[in-house]
There are 2 protein chains.
Amino acid sequence: MCSDRNKDAKRPRRATAQTVADLAGVSRSAVSRAFTPGAYVDSEKRRRILKIAADTGYQPNALAAGLKAGQSNLVAVFVGNMRSPYDSAFVGELAQALSGLKKWPILIDRTGANTDQALRELLRYPLDALILRGGSMSEEIVDRCARFGIPMISSGRPVQGPRVDNVCCRNADGMTMITDLLISRGRRRFGFLSGPEEFYSSSRRRAGVLQALDRAGLDLVAEHPTDYSVDSGYGAARSLLSRASLDALVCANDATAIGALSAARDLSLNVPGDLAIVGFDDIAMAKWPTFRLTTVRNPIDAAVDAIIALLERRLVDPGRPEESIFLDPSVIERETH
Amino acid sequence: MCSDRNKDAKRPRRATAQTVADLAGVSRSAVSRAFTPGAYVDSEKRRRILKIAADTGYQPNALAAGLKAGQSNLVAVFVGNMRSPYDSAFVGELAQALSGLKKWPILIDRTGANTDQALRELLRYPLDALILRGGSMSEEIVDRCARFGIPMISSGRPVQGPRVDNVCCRNADGMTMITDLLISRGRRRFGFLSGPEEFYSSSRRRAGVLQALDRAGLDLVAEHPTDYSVDSGYGAARSLLSRASLDALVCANDATAIGALSAARDLSLNVPGDLAIVGFDDIAMAKWPTFRLTTVRNPIDAAVDAIIALLERRLVDPGRPEESIFLDPSVIERETH
DNA sequence: TTGTAAGCGTTATCAA
DNA sequence: TTGATAACGCTTACAA
């Protein structure tokens, strides 16, 4: 093929500090100072410069500024699965909070074909940090991230490593609380829908249920694994409910609880009359009119606040000791218990 | 393994091409060439350089490379609301597809406090493009984006402007198809739950319903606005169903259809016996066991494919004429019609 | 308060 | 095939 004829139709290069400086009759550094809060510039001159900048659409090039400063203001956000309501709400909140700090989230979805490769490519940018939604990720991949050398904040799975800070919900406590609630309401025959083995949250949540039952002198009557999806919750609940007589079904997350709720309905069980069903996370769907699910709130806002706080501290002092923040879940009583 | 020699030190600066060059006893340019596919380097030397790079953790600094090239490989993805299942699934798919192109999505959520400000700040990066999920955004904000001067791809709301390409689902056709289906099944008394006036999709979807009814010589019996949320769908449906006798309720999206489904149940209406309820989008929840919603598929995969294609073409030839790709929706028959 | 000049880490060009 | 060199656009000592 031949060379393109509209080569001159190239995208116009953006205005630079020099462009503005020439137009304003000042030096390039004056322009830079006009954009630097607290720098020494005659305030009248600054006004003139900013005016011309606005007219020409000039903005300091963040690539050049970042190169100079050794900081990109870019933050990788690595998340398990954007199709999970919890993860996507988490990402939305986080993106908002980061933009307040003028940090920009680059989104990486674990479900991508070769994420490892992609993550490595992304590291060509001198990222300020890597924020990991590790609750929905395997230990292996999380550990790999911790070795990249950039500051990391892991949410949902505690990770040991240099410059790795942690935010984590007290999963076990949450489950103990809600199981206690069910016990106090007279439930005695408990079933449990567990999460994927490789997720940290799964084992902690299971431990919480077992602890509450143990203290009450009760045994788990039946148990079934799930992959945390609605469908697998549905299947697991059907199988469990058809082979055991239960009066309470604790589910490792809301999605499986929602599946279980549907299964109970299909089996003509009365919820909460015959059977209590509870979940964990308090995703948006939990309060939908059809479900009104009693659940444990895994607070996204608190998690995001904690991440932001840890990030700010780490950026101020990169050598500071690693820190972990634990979040308290709370029971949300709706209509399925 | 993990050497932590400078625990008090500032974050170590990353290895540069010079570091690797010195170690390998070659010039900086040789290192650069080793990382440039198809550049002239002795293949043995390249191997040695890459080995040393791997050992030192060297990767070319994307900020410097981008500064040089006048291209950042960064793409802004501006989305209406990450709490909407459609938008978040869209973002997930898009992020995956972009990483295959080595383009990195920076996520901006419209619901942020001062998004306009944030977007402007983000433009300090020489972004390759701005991808806009405009279906869930007002015209005003979309037009503002079109004026930023960087290539833009709008999905879900056609936008006129230089270097603005469009991807859009044939909303009206989809609604016409599903309304035709209901008519062919004998439905005659139609209600409609409309979307927010300021969203482009709302009016198109409404037009599609009206066209099908018109051709069949039917009138819309009743109509109620929503904000596209489940709750507003629930409220709108309750209000509509209590004042009009309907045998079909067409909803402008799946969320409102799901709300309507719950309202119908609470009113002891038999779906689909007494009343058909259908939605639009085919979000993940539409196929959940409790809903099994008949709906119109608004194909995310096709939209993402189209966006990627448009992006590639625009990057190759920035001056090319603007292009629009229209996507065909399809009816998904489940159990509510 | 202002301007000059020296990098930041790359890559493209050019001469060897 | 290789190495020196000149940008890319910015910030910040340092000098004026």
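Using a simple spin-label model with points 7 Å from Cα along the Cα→Cβ vector, what separation in nm is obtained for B:Ser27 and A:Glu312?
If labels sit at B:Ser27 and A:Glu312, their model points lie 4.9 nm apart.
Can you give the direction-averaged projected area of the convex hull of the alpha-carbon atoms in chain A, in nm²?
24.3 nm²
Given a Förster distance of 41 Å, report the FRET efficiency between A:Phe326 and B:Asp301 from their Cβ-Cβ distance, rounded to the nearest 0.05. Don't jump to the answer; show the numbers that get you there.
Numbers: r = 40 Å, r/R0 = 0.96.
Calculated transfer efficiency: 0.55.
May I ask you to derive the relative contact order of the stretch A:15-60, considering only C-alpha pairs under 8 Å and at least 6 residues apart, and to give it as an integer percent? Could the numbers behind the result be given before it?
On the way: 44 pairs, mean separation 22.4, N = 46.
The value is 49 percent.
Going 7 Å from Cα along the Cα-Cβ axis for the label, what nanometre distances separate B:Ile332 from the same residue across the other copies?
In ascending order, 2.4 nm.
Just the accessible area for B:His224, please: 1.4 Å probe, Å², rounded to the nearest 10?
Solvent-accessible area, nearest 10 Å²: 50 Å².
Using a Gaussian network model of chain A with C-alpha springs under 10 Å, which one of A:Ala53, A:Ala207, A:Ala244 is most mobile by mean-square fluctuation?
Maximum among the listed residues: A:Ala53.
Among the listed pairs A:Lys102/B:Lys287; B:Lys68/B:Lys102; A:Lys51/A:Lys102; B:Lys51/B:Lys103; A:Lys103/B:Lys51, which have their C-alpha atoms separated by more than 28 angstrom in this model?
A:Lys102/B:Lys287; A:Lys103/B:Lys51
Could you tell me how many cubic angstrom of Cα convex hull volume the stretch B:171-297 has per residue?
Cα-based convex hull of the stretch B:171-297, divided per residue, equals 87 Å³.
Over the stretch B:171-297, what relative contact order in percent results from Cα pairs under 8 Å that are six or more residues apart?
About 25 percent, as a whole number.
Quick one: dipole size for the stretch B:15-60, taken about the Cα centre, charges +1 on Lys/Arg Cβ and -1 on Asp/Glu Cβ, in debye to the nearest 20.
It comes to approximately 100 debye.
Would you tell me the mean number of C-beta atoms belonging to other protein chains that fall within 10 Å of each C-beta in B:72-82, as a whole number?
3
Roughly how tilted is helix A:200-215, in degrees to the nearest 10 and between 0 and 90, from the longest Cα axis of chain A?
30 degrees
Nearest 10 degrees is fine. How inclined is helix B:254-266 to the longest principal axis of chain B, computing both from alpha carbons?
Helix B:254-266 sits roughly 40 degrees off the main axis of chain B.
For peptide A:86-92, how many partner chain Cβ atoms fall within 10 Å of a residue's Cβ, on average?
Average neighbour count from other chains, rounded to a whole number: 5.
Can you pull the accessible area of B:Val77 for me, 1.4 Å probe, Å² to the nearest 10?
So the heavy atoms of B:Val77 present about 10 Å² to solvent.
Taking R0 as 30 Å, what's the FRET efficiency between B:Arg243 and A:Ser239 from their Cβ-Cβ distance, rounded to 0.05?
Numbers: r = 44 Å, r/R0 = 1.47.
FRET efficiency, B:Arg243 to A:Ser239: 0.10.
Counting only the heavy atoms of the protein chains, how much of B:Asp180 is accessible to a 1.4 Å probe, in Å² to the nearest 10?
Taking all protein chains as shown, B:Asp180 has close to 60 Å².
Using the heavy atoms of the protein chains and a 1.4 angstrom probe, tell me the accessible area per residue for the protein assembly as shown in square angstrom.
43 Å²
Please report the antiparallel percentage of DSSP beta bridges with both residues in the stretch A:134-289, rounded to the nearest 5.
Just about 0 percent of them are antiparallel.
Heavy atoms only, 1.4 Å probe, whole protein assembly: order B:Ser154, B:Ser43 by accessible area, highest first.
If we order B:Ser154, B:Ser43 from most to least accessible, we get B:Ser43, B:Ser154.
Would you look at the GNM of chain B, springs on alpha carbons closer than 10 Å, and say which of B:Ala252, B:Ala172, B:Ala222 moves the most?
Ranking B:Ala252, B:Ala172, B:Ala222 by mean-square fluctuation puts B:Ala222 first.
With the Cα gyration tensor of the protein assembly as shown giving a ≥ b ≥ c as the square roots of its eigenvalues, does the rule (a/c under 1.5 for rounded; else a/b larger than b/c for prolate; else oblate) give rounded, prolate or oblate?
Cα axes put the protein assembly as shown in the oblate bin.
Just need log10 I(q)/I(0) for the stretch B:113-198 at q = 0.15, 0.16, 0.21, 0.24 Å⁻¹, Debye formula, equal scatterers on the alpha-carbon atoms, no solvent, rounded to two decimals.
Taking Cα atoms of the stretch B:113-198 as identical point scatterers yields -0.67, -0.72, -1.00, -1.20.
So how strong a dipole does the stretch B:217-337 carry about its Cα centre when Lys and Arg Cβ are +1 and Asp and Glu Cβ are -1, to the nearest 20 debye?
Approximately 260 debye in magnitude.
Working with all protein chains in place, sort A:Leu220, A:Leu98 by solvent-accessible area computed with a 1.4 Å probe, largest first.
Putting A:Leu220, A:Leu98 in descending order of accessible area: A:Leu220, A:Leu98.
Can you give the % of DSSP beta bridges in chain B that are antiparallel, to the nearest 5? Could the numbers behind the result be given before it?
Values: 3 of 39 bridges.
Expressed as a percentage, antiparallel bridges in chain B total about 10.
I want to check the label-to-label distance for A:Glu44 and B:Asp116. Put each point 7 Å from Cα in the C-beta direction and report it in nm to one decimal.
3.1 nm
When the solvent-accessible surface of protein heavy atoms is calculated with a 1.4 angstrom probe, in what order do A:Asp281, B:Asp305 fall, highest first?
Largest accessible area first, the list is B:Asp305, A:Asp281.
If only Cα atoms are counted, what is the Rg of the stretch A:15-60, and what is its Dmax, in Å?
Rg then Dmax for the stretch A:15-60, in Å: 9.0, 24.
Using only alpha carbon pairs under 8 Å that are at least six residues apart, calculate the relative contact order of the stretch B:244-337 and give it in whole percent.
31 percent
Mind checking which of B:Leu130, B:Leu101, B:Leu310 has the largest fluctuation in a GNM of chain B, springs on alpha carbons under 10 Å?
B:Leu101
The values are calculated or read from the model by the stated rules, or taken from the named source; none is laboratory data. None of these values were measured; they are calculated from a predicted model. A quick note on method: Cβ atoms are made from the backbone with ideal geometry, for glycine too, and the neighbour counts reach across all protein chains shown. What goes into the accessible areas is simple: the full protein's heavy atoms, side chains included, and nothing from ligands, DNA or RNA. Shrake-Rupley method; radii C 1.70, N 1.55, O 1.52, S 1.80 Å.
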